[in-house]
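Visitor: The structure's right below; bear with me while I get my questions together.
Each reported figure results from applying straightforward, stated rules to the coordinates on display, with no laboratory input. Predicted, not measured: the structure shown is a model, and the values here were computed from it. For neighbour counting, all protein chains shown are included, and Cβ atoms are generated from backbone atoms with ideal geometry for every residue, glycine included.
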Amino acid sequence: MSRQKITTVLVIAIVLSSTAVVGLSYLQIAVREDDDLNFYVFGDSQGYQGGIEQIAGLANQYRPDFVIHCGDLTPFGQEEQYSAVSKALNAIEVPVHITPGNHDIRLGGGSRYVAYFGHARYSYDFGQAHFTFFNTSANDVTEEEFRWLKNDLSQAQAEWKFVFTHIPPFDPRVGHEHSLMNETTSSRLMALFSEYDVNTVFTGHIHMYNVSIRNAVRYVITGGAGASLYANASNGGIHHFVNVTLSNSNLILEMVPLQSPDLPRDAVIVRSTDEDVTLSVRDLQVMAVVDGFSSFQNRYGNWRCYGEYRGVRVSDLVDLVGGMDSDEIVRVTSYDGFAQDFHWSNVYPNASWYSIQGHMILAFEYNGTAVPDWSDGIRLVMLPPDEGYSNEDCLYTSSAGTGCHVYESAGARWVRFVSYVEVIQG
């Protein structure tokens, strides 16, 4: 079948070295010949379907042999989330191959992944290449998985061997460890890839683009299909997918930028140092929802915003990104930059603090009206048992340097239009 030539677009040219990205330029996507092998690789859309839709548009026009998603298709593995990403992927008119990510198996999501996409471990030959997919979604690799992987790679006869999984065996960034938790597992995997002459290992998990070479094996991290980024643009922090072409025994990797997502009014980003998730109101609604009546006292002593609130405990949101230690704080930030810091004891209150502040929630609904129709939401709300969060209550539940020690108002703690919930060092 005759292939089209792809028109000029903005692409980041990656100069492969032993470290990472070292050069940027404009060029054309590689011209495809009839016998070229061409596929797209991307990861970490995490419930943002806009990146997948952009990739689908290009794939349907230029017809790569297939596309590959390296995991974290969903925010936390719920049925509605799988249904949405499945619908987006079904719009791609070429074959789609997938491996699960750690977000995809949360809260019972592993069984849903299998129901939608089948087994997470498989391989196939295509042209002059062998493609191997294995499962790192649990942040480790079982002995059974190791045996299967060794057997698969040892028997592969293709000239080129490509491996796909979600979590990389190492983090290329200095001072970060957002890779497989078990260092022995990482070392064994890298030795296996080197022993059986794997050419390239594709992963996601770290939200950036990076190419590194270890022991003659190329490692490509492509975690830029929609989740918030972990680096600046010059270090690979660009929303993107990778266009891979194998032509005349030459492997060409091209990072194709995607339009960055805008955070809508009905979404919030929850993140820690090396983990994050973007949640819509619909995502919040499928979590454990709490409700109650509450109000707050402003700096003048007046009471405001009494009514019934529904939302999700901030502790449950923080747990989605690894929880927090007692010496860390949670920073809740509005779209306009206004922020409030909360101590561990606010997020996980003991009996004494709970009797004063009650649950600390991120509310998406007020008096039966949900965001975006509720104009003040998404909103940080306290649900004290007496249905009123007073200035005195705020003082008693504010650690040093936060809350009423900064703003003499319980109302200042009730952040409106929340865009970010972040776990940071205290």
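Visitor: Two-decimal Rg/Rh of the stretch 267-425 from alpha-carbon positions, Kirkwood Rh?
Guide: That ratio equals 0.92.
Visitor: For the stretch 403-417, list residues with backbone N below 18 Å from a point placed 7 Å from the Cα of Ala339 toward its Cβ?
Guide: Those under the cut-off are 403-407, 412-417.
Visitor: For the chain, take the longest principal axis of its alpha carbons; what is the angle in degrees between that and the long axis of helix 143-155, to the nearest 10 within 0 to 90?
Guide: 20
Visitor: Find how much the distance from Asn182 to Gln157 grows on full extension, using 0.36 nm per residue of separation minus their present alpha carbon separation; answer in nm with one decimal.
Guide: Contour length minus the Cα-Cα distance gives 6.0 nm.
Visitor: Would you kindly state how much longer the chain becomes between Ala191 and Tyr407 on full extension, computed as 0.36 nm times their sequence separation minus their alpha carbon distance, in nm to one decimal?
Guide: My answer for the length gained is 72.2 nm.
Visitor: Return an integer: the convex hull volume of the alpha-carbon atoms of the stretch 8-257, in Å³ per residue.
Guide: Enclosed volume per residue, from the Cα hull, is 116 Å³.
Visitor: Taking the Cβ-Cβ separation of Ser326 and Glu80 as r and a Förster radius of 35 Å, what is the calculated FRET efficiency to the nearest 0.05?
Guide: Taking R0 as 35 Å, the efficiency between Ser326 and Glu80 is 0.55.
Visitor: Can you give the extra length, in nm with one decimal, that the chain gains between Asn90 and Leu251 once fully stretched, where that is 0.36 nm per residue apart less the Cα-Cα distance?
Guide: That pair, Asn90 and Leu251, stretches by 55.2 nm at full extension.
Visitor: Also, I was wondering about something else. Only counting other Cβ atoms within 10 Å, I'd like Phe293, Phe417, Phe42, Phe134 sorted with the fewest neighbours first.
Guide: Phe293, Phe417, Phe134, Phe42
Visitor: Note down the nm distance, to one decimal, between modelled labels 7 Å out along Cα→Cβ at Ala115 and at Asn139.
Guide: According to this spin-label approximation, the distance is 2.6 nm.
Visitor: Would you look at the GNM of the chain, springs on alpha carbons closer than 10 Å, and say which of Ser352, Ser295, Ser272 moves the most?
Guide: Ranking Ser352, Ser295, Ser272 by mean-square fluctuation puts Ser352 first.
Visitor: I need the calculated FRET efficiency for the pair Ser234 and Arg147, taking r as the beta carbon distance and R₀ as 35 Å, to the nearest 0.05.
Guide: 0.25
Visitor: Please work out, to two decimal places, the log10 of the ratio I(q)/I(0) at q = 0.13, 0.15, 0.26, 0.27 Å⁻¹ from a Debye calculation in which every Cα of the stretch 239-308 carries one identical scatterer.
Guide: Debye output, listed in q order: -0.73, -0.85, -1.12, -1.14.
Visitor: Related question: Only Cα pairs within less than 10 Å get springs; with that Gaussian network setup on the chain, which residue of Asn102, Asn135, Asn60 has the largest fluctuation?
Guide: Residue with maximal mean-square fluctuation among Asn102, Asn135, Asn60: Asn60.
Visitor: Quick check: Cα centre of the stretch 221-272 to Cα centre of the stretch 389-409, how many Å?
Guide: Taking the Cα centre of the stretch 389-409 as reference, the centre of the stretch 221-272 is 41 Å away.
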